[in-house]
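Peer 1: Below you will find the structure I want to go over with you.
The values are calculated or read from the model by the stated rules, or taken from the named source; none is laboratory data. In this text the structure is predicted, and so the values were computed from the model without any measurement. Here the Cβ is made from the backbone with ideal geometry for all residues, glycine too, and neighbour counts use every protein chain on show. Surface accessibility is based on the protein's heavy atoms, side chains included, excluding ligands, DNA and RNA. Shrake-Rupley method; radii C 1.70, N 1.55, O 1.52, S 1.80 Å.
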Amino acid sequence: MRIERNLDLTEFNSYRIHSVAETAYFPETTEEIKKLADSINPIIIGGGCNIIFAQDCYAQPIMFVRDNYSGISSNGECLVVKAGTDLKVLSEYAKDHSLSGVEYYYDIPGCVGGATIMNAGCNGRSFSELLEEVTFYDIEKETISTMTKEEMRFEYRGNVLKDMKVVVLEVVLRLQKSSQTDIALLMENNKENRWAKQPRDYPS
């Protein structure tokens, strides 16, 4: 586990707001996440999208669940994905394995954990359409649990986990077989459409 003192948070949030974390933790295992969540009551941050740092300096420890806690494994048309996996990395992995479904999120910033909690959507699709189940650490109960898509009760930009004190650990996504050429074309088209509608010269 990596620990940083007086960490400049500018590059850890999509709005590029300057702030400093007195102590920042980058756990690499589930056990480290559990230990930190139970012992230090951290602020939990994934890809740093859709958040605003309101303080110049944070004395409360920050725990990052991003590329330090990432990974993908495949099982047929299903992918098991750790919460810190970047959506672009996930999209490229799926393309390389001829699996379609996540190419719509190719140019969306953020990580899988955040996309799950907020039921990220784009191009008329929602992340919940791909999810089979979600495994998370319940901080209040100190237990690791798994919920199916039905138990998650997904809605627009939300689900039951949004109001719980949890850390998403991994998800299972069910995708569909397709050609890498078709998937790559969709990825590029989605990126071009997004760039045409949203400015790329400013943090957002």
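Peer 1: Among the numbered conditions (1) in contact (Cβ under 8 Å) with a residue 12 or more places away in the chain; (2) within 29 Å of Glu188 (Cα to Cα); (3) open to solvent by less than 60 Å² (accessible area, probe 1.4 Å), tell me where Gly76 comes up short.
Peer 2: (1)
Peer 1: Sticking with this one: Of the numbered conditions (1) touching a Phe, Trp or Tyr at 6+ places or on another chain (Cβ under 7 Å); (2) closer than 24 Å to Pro109 by Cβ, Ser145 fails exactly one; give the number of that condition.
Peer 2: (2)
Peer 1: Please indicate, with yes or no, whether at least one residue in region 15-23 is over 23 Å from Pro109 (Cα atoms), modelled with pLDDT of 95 or more and among the charged types (D, E, K, R).
Peer 2: So far as region 15-23 goes, yes, one or more of its residues are over 23 Å from Pro109 (Cα atoms), modelled with pLDDT of 95 or more and among the charged types (D, E, K, R).
Peer 1: Would you tally the residues in region 49-67 being buried (at least 17 other Cβ atoms within 10 Å of the Cβ) and at pLDDT 95 or above?
Peer 2: Here the count works out to 8.
Peer 1: I'd like to check which strands (runs of 3 or more DSSP E) are fully inside region 1-85 and have at least 1 residues that are under 30 Å from Tyr202 (Cβ atoms) and of a type in the set (Phe, Trp, Tyr).
Peer 2: Details: elements: 2-8, 20-26, 43-45, 62-64, 72-75, 78-82.
It comes to 20-26, 62-64.
Peer 1: Next question, about the same structure. List every residue pair whose Cβ atoms lie under 9 Å apart, where the two residues are 6 or more positions apart in sequence or sit on different chains, the first residue falls within region 41-55 and is closer than 12 Å to Ala21 by Cβ, and the second residue, located anywhere, is small (Gly, Ala, Ser) and in a loop (DSSP other than H, G, I, E, B).
Peer 2: Gly48/Ser14; Gly48/Gly110; Phe53/Ser19; Gln55/Ser19
Peer 1: What helices (runs of 4 or more DSSP H), lying completely within region 92-204, carry at least 2 residues that are touching a strand residue (DSSP E or B) at 6+ places or on another chain (Cβ under 7 Å) and open to solvent by less than 80 Å² (accessible area, probe 1.4 Å)?
Peer 2: 112-117, 149-152
Peer 1: Go through (1) at pLDDT below 95; (2) of a type outside the set (Asp, Glu); (3) within 26 Å of Ile51 (Cα to Cα) and name the single condition Gly76 misses.
Peer 2: With respect to (1) at pLDDT below 95; (2) of a type outside the set (Asp, Glu); (3) within 26 Å of Ile51 (Cα to Cα), Gly76 is out only on (3).
Peer 1: Next question. How about region 1-46: which of its residues are in contact with a Pro (Cβ under 6 Å, 6 or more places away or on another chain) and under 17 Å from Gly114 (Cα atoms)?
Peer 2: Selection gives Ser14, Tyr15, Ile33, Pro42.
Peer 1: I've got another one for you. Can you say whether Thr30 is of a type outside the set (Phe, Trp, Tyr) and touching a Leu at 6+ places or on another chain (Cβ under 7 Å), as far as the supplied structure shows?
Peer 2: For Thr30, the condition - of a type outside the set (Phe, Trp, Tyr) and touching a Leu at 6+ places or on another chain (Cβ under 7 Å) - is met.
Peer 1: Please work out which residue is surrounded by the most Cβ atoms within 10 Å (Cβ to Cβ), limiting yourself to region 1-46 and to residues that are in contact with a Lys or Arg (Cβ under 9 Å, 6 or more places away or on another chain) and closer than 13 Å to Ala59 by Cβ.
Peer 2: It comes out as Ala21.
Peer 1: With respect to the numbered conditions (1) within 29 Å of Thr146 (Cα to Cα); (2) in a strand (DSSP E or B); (3) without any contact (Cβ under 8 Å) to a residue 24 or more places away in the chain, which one is the sole condition not fulfilled by Val89?
Peer 2: Unmet condition: (2).
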